[in-house]
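J.: There's a structure below that I have some questions on.
Where a number appears in this text, it was derived from the coordinates with a stated rule and is not lab data. In this text, all values refer to a predicted model and were calculated from it rather than measured experimentally. With ideal geometry, Cβ positions are generated from the backbone for all residues, glycine too; neighbour counts draw on all protein chains shown.
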Amino acid sequence: MKGTTMDKGPIFEHIPGAPSCHCSTLHKFPDGSVIVGFFAGAYEKAPDVAIWGANGDPSGSKWTEPRVLADTPNKSEGSPVFYQEDSGRLHLWYLTMHHGWLIGGKLPTGWSVCTIKHTTSGDKGYTWSQWDFLRNMWFWVLRGQACRLNDGSVLLPVHRELGKYQSMFYINPKPDLSGNWKRYGRLETPKGCLEPSVCELPDGRLLCSLRTKDGIVYLARSADRGHTWTRPVPTKFRNPNSQTALCCTSRGKVVLVLNDLPKGRHWLAYTVSDDGGETWSQLETIDGKDDPSEAGKQYSYPSIVQLADGHLLVSYTWNREQIWWAKFAV
């Protein structure tokens, strides 16, 4: 895999009035084209932050101008996640933050005090329905991509931001989401884990990678479609309290994208497993450097899909100023 060709570039140059952006997510449509969602505004958690999106061609390198997908006046939005039914209807879940102060005005609010909203589109994300709630309560946070399993059920990763962070999963038994969502799993690491990313392996087992506060990437597995999970185990990869992303390719290779650093997010890389996440290849750079002198920069929060031509497409935050794409083969 050494010497893999890496194509990359910005999805947009800048958004007027929204200098800060973060937390992109990808979805591939049946025709091979893609959509990216992210949040942007004055700064993370600012009241003007909205969910933005852009559509890309099947190459993953040409994009429309960004547009607002969801915006609650005077509330910060965050963590968009897409899922598409067989009918073509596209679902979008996202967070809306409560703005104010908690505990007698002593603590500012953040991502912990968000509701999870939901809306749908019938035209690849250009127009959207009136939103409704998936969860009208605080302390559960989205991030990882939704995963449709081979049995038709849909898994939506979430984590709990209350006390020691724990990861868990909403599961809907129906591919059109007409079933009832139920919560399963409660993954824990010694210091807390969040932002789970899940992929389904060729044998039907699930693999989950975890951002942790332990300084190490942890992995967990499920043999019953996400209803129960093994105890998370540490990997050889470092984790600077930063999100990871997993993808299982059409050839059964597992790709893990991560910041393998003791601190900071100045090096984004990927590694490949041919045995379901038991062993991993050497790291290959997507952006940045494993160099402390680069610590002021940031390349983080990856999302990953496989394109119709077999290449992997990753979107990621570039210095909190842009969302970039990167494309490579494994």
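J.: Quick one: of LYS164/LYS289; LYS45/LYS164; LYS28/LYS327; LYS191/LYS263, which pairs are farther than 20 Å apart, Cα to Cα?
T.: LYS164/LYS289; LYS45/LYS164
J.: Applying 1/(1 + (r/R0)^6) with R0 = 56 Å to the Cβ-Cβ distance of ASP309 and ASN136, what FRET efficiency is obtained, to the nearest 0.05?
T.: That pair, ASP309 with ASN136, gives E of 0.85.
J.: Return the distance in nm (one decimal) between the two label points of a simple spin-label model at ARG205 and LYS263, each offset 7 Å from Cα along Cα→Cβ.
T.: For the pair ARG205/LYS263, the computed spacing is 3.6 nm.
J.: In sequence order, what are the phi-derived ³J(HN,Hα) couplings for the range 28-35 according to the Karplus relation 6.51 cos²θ - 1.76 cosθ + 1.60 with θ = phi - 60°, rounded to whole Hz, with x for glycine and proline?
T.: Karplus-based 3J(HN,Hα) across the range 28-35 equals 9, 7, x, 7, x, 6, 9, 9 Hz.
J.: Under the Kirkwood approximation applied to all pairs of distinct alpha-carbon atoms, what is the hydrodynamic radius of the range 242-330 in Å?
T.: After inverting the mean inverse Cα-Cα distance, the result is 13.2 Å.
J.: Determine the relative contact order of the range 7-328: mean sequence separation of Cα pairs under 8 Å and six or more apart, normalised by residue count, in whole percent.
T.: Dividing the mean separation by the residue count of the range 7-328 yields 14 percent.
J.: Under a Cβ-Cβ cut-off of 12 Å, what is the net charge of the residues other than ALA42 that fall near it, where Lys and Arg count +1 and Asp and Glu count -1?
T.: Overall, the nearby charge balance is 0.
J.: So, with +1 on the Cβ of K and R and -1 on the Cβ of D and E, and no other charges, what is the size of the charge dipole of the range 7-328 about its Cα centre, to the nearest 20 debye?
T.: 1020
J.: Would you tally the net charge around TRP138, using a Cβ to Cβ cut-off of less than 14 Å, leaving TRP138 out, and scoring K and R as +1, D and E as -1?
T.: Once all neighbours under 14 Å are counted, the net charge is +3.
J.: Is the shape of the range 19-145 best called rounded, prolate or oblate, per the rule: a/c under 1.5 gives rounded, else a/b larger than b/c gives prolate, else oblate, with a ≥ b ≥ c the square roots of the Cα gyration tensor eigenvalues?
T.: Verdict is prolate for the range 19-145.
J.: Could you state the number of Å between the C-alpha centres of the range 1-61 and the range 253-330?
T.: After rounding, the separation between the Cα centres reads 15 Å.
J.: Does the range 77-231 classify as rounded, prolate or oblate by the C-alpha gyration tensor (a ≥ b ≥ c root eigenvalues; a/c under 1.5 gives rounded; else a/b over b/c gives prolate, otherwise oblate)?
T.: oblate
J.: Net charge near ASN55: determine it from the other residues with C-beta under 12 Å of the C-beta of ASN55, scoring Lys and Arg +1 and Asp and Glu -1.
T.: 0
J.: Near LYS75, which aspartates and glutamates are there with a Cα under 18 Å away, not counting those fewer than 8 places off in the same chain?
T.: Straight-distance partners of LYS75: GLU44, ASP48, ASP132.
J.: Averaged across orientations, what area in nm² does the convex hull of the alpha carbons in the chain project?
T.: So the Cα hull casts an average projection of 15.9 nm².
J.: Label-point separation (nm) for VAL233 and HIS14, each offset 7 Å from Cα along Cα-to-Cβ?
T.: 4.9
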